Amino acid sequence: MTRRQFEAAALATVLTASVEARATSEVIARQAPAHYRLSVDGLRITALCDGYLNLAHTLFPAATEQHASELAHAAFLTPGPLPTAVNAFAVEAGGRLILIDAGVGPSRGDTLGRLPAEMRAAGLDPALVAAVLLTHLHTDHCGGLLDADGQPVFPNAEILVAEPEWQFWSDPGLAARAPAAMRPMISVANQALGAYRQRITRFMPGTEPIPGIRSVALAGHTPGHTGFILGSSNDAVFIWADIVHVASYQFPRPEWGLSFDVDQTAAADMRARTFAQAAGDRLRVAGMHLAFPGIGHVVRDGAGFRYLAEDWRPLR
C-alpha cells in the first residue's frame, strides 16, 4: 500500500467512524417507536403515543403546592410540572382501520404531534383510516386531524363525534361566552370539524357508533366527553378518555379537577364513579393521559384509589 492509499484509507475510516457516531448519538437521543398491541375478542388494538405535555399542579384548582409535591414524591416523581402522555388507540376490526382520537397535531411543539409517524412505525397507514372516533374536541384529541397546512391527515376517514359534544363546540356563540384561555381550543375544534364537514357523523352516547365498539357517556370534562368499550368478554378494554390527566394526583384525590374541565364538579363526580365501577368490576381501562401504553386496572386504596399498570403481554 502506498502512502497516498494509506492516508485515503485512514481518512475513510475516520469519516465512517464519525458518521456512525452521529447516527448512534441520534438513535440514543430518542426513544424507540411508541406502539403496543393487544387483541380483544377479534379486535386488534394498537396503543399509540402522540408525545407528552407538562402539567403543573396549578392547573388543578383544589391542589396545594405542598400536597402536590407530596403526591409526586410518593410516586417517585420530581415535584413540579409533570410529563403527561398523550395517547390514541388504533383498532383493526372487520377489515377496517379505526382510530380513537387523533392527538395534538403540529401546533404544540416538538414533544407532541408524533402520531402519524408512530402509526407508520407500527405499520398503520393514516391514509387507510376509515373512521376516527373522537372522545371529545379538546385540542389534544382533535388537533391531529389536521396537518401544518390545515389539511386532513386522514383523507379517507369518517369522523364520529357524540351529539352533545358537537352541539357544544359548534355553537356560534360559544367563543363570546367562553374564558379567553378556552378560545384557542374552540378555534382548533371548529377548524377540524370544518375540514371534515362532509364526513362527520354524530352519535348518541350509549350506542354503538361502530359495530363492536360501545360508547359510554362521561360528561363533565366536556358536555359530550365519551368513552368506548372494546370487546364484550372479561378481557374487554374500557377507553375512558380524559377521566384522568395526572395519575399521581387524581387516583388518590379524585376530587382534584382540571381547570379545563367545563364542569369541574360534574367531572370530579364522574371520575369518582368511574373509578369505583372500574375497581368493583375489575375492568381493564385505557386512558389518553395514563403513562404509555396507558392500559391497566384501578383498585381501591383507603379513601382513594390506585392505578396498576398492566404488565407487558405477548400478542395472541
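A few notes on this one:
- The listed residue being at pLDDT 95 or above, open to solvent by 70 Å² or more (accessible area, probe 1.4 Å) and out of contact with any strand residue (DSSP E or B) (no Cβ under 9 Å at 6 or more places or on another chain), out of Thr13, Thr24, Thr64, Thr2: Thr64
- Residue ranges of strands (runs of 3 or more DSSP E) in segment 222-316 with at least 1 members in contact (Cβ under 8 Å) with a residue 40 or more places away in the chain and among the basic types (Lys, Arg): 284-286, 304-309
- Candidate set from segment 57-113 (those that are of a type in the set (S, T, N, Q) and farther than 20 Å from His136 by Cα); member that is farthest from the chain's Cα centre (by Cα): Gln66
- Taking segment 35-61 as the range and being within 18 Å of Ala93 (Cα to Cα), assigned to a strand (DSSP E or B) and of a type in the set (Gly, Ala, Ser) as the test, the residues that pass are Ser39, Ala47.
- One residue stands out in segment 140-168 among those that are of a type in the set (Asp, Glu) and within 22 Å of Gly287 (Cβ to Cβ): the one that is nearest to the chain's Cα centre (by Cα), namely Asp140.
- Positions within segment 77-130 being open to solvent by 10 Å² or more (accessible area, probe 1.4 Å), within 15 Å of Ala47 (Cα to Cα), in a helix (DSSP H, G or I) and in contact with a strand residue (DSSP E or B) (Cβ under 7 Å, 6 or more places away or on another chain), in sequence order: Glu118, Ala121
- Residues of segment 275-316 satisfying the condition of being among the small types (Gly, Ala, Ser) and in contact with a Gly (Cβ under 7 Å, 6 or more places away or on another chain): Ala286, Gly287, Gly294, Ala309
- Of all residue pairs spaced 6 or more apart or on separate chains, none has beta-carbon atoms under 7 Å together with a first member in segment 126-146 that is closer than 17 Å to Arg197 by Cα and aromatic (Phe, Trp, Tyr) and a second member that is in a strand (DSSP E or B) and open to solvent by less than 10 Å² (accessible area, probe 1.4 Å).
- Test result for Asp171, surrounded by fewer than 12 Cβ atoms within 10 Å (Cβ to Cβ) and either modelled with pLDDT of 95 or more or over 19 Å from the mean Cα position of the chain (by Cα) (or both): no
- Positions within segment 214-235 being surrounded by fewer than 21 Cβ atoms within 10 Å (Cβ to Cβ), under 17 Å from Val285 (Cβ atoms) and at pLDDT 95 or above, in sequence order: Arg214, Val216, Ala217, Ile229
- Answer from Ala148, Ala157 - the residue that is touching a strand residue (DSSP E or B) at 6+ places or on another chain (Cβ under 9 Å) and over 19 Å from Ala241 (Cα atoms): Ala157
- Each residue in segment 131-164 was checked for being open to solvent by less than 20 Å² (accessible area, probe 1.4 Å) and part of a loop (DSSP other than H, G, I, E, B), and 7 pass.
The values are calculated or read from the model by the stated rules, or taken from the named source; none is laboratory data. Treat the numbers as computed from the prediction; the structure is a model and nothing was measured. Note that we place each Cβ from the backbone using ideal geometry, even for glycine, and neighbour counts take in every protein chain shown. Side chains are part of the model used for accessible areas, which takes the heavy atoms of the whole protein and leaves out ligands, DNA and RNA. Shrake-Rupley method; radii C 1.70, N 1.55, O 1.52, S 1.80 Å.
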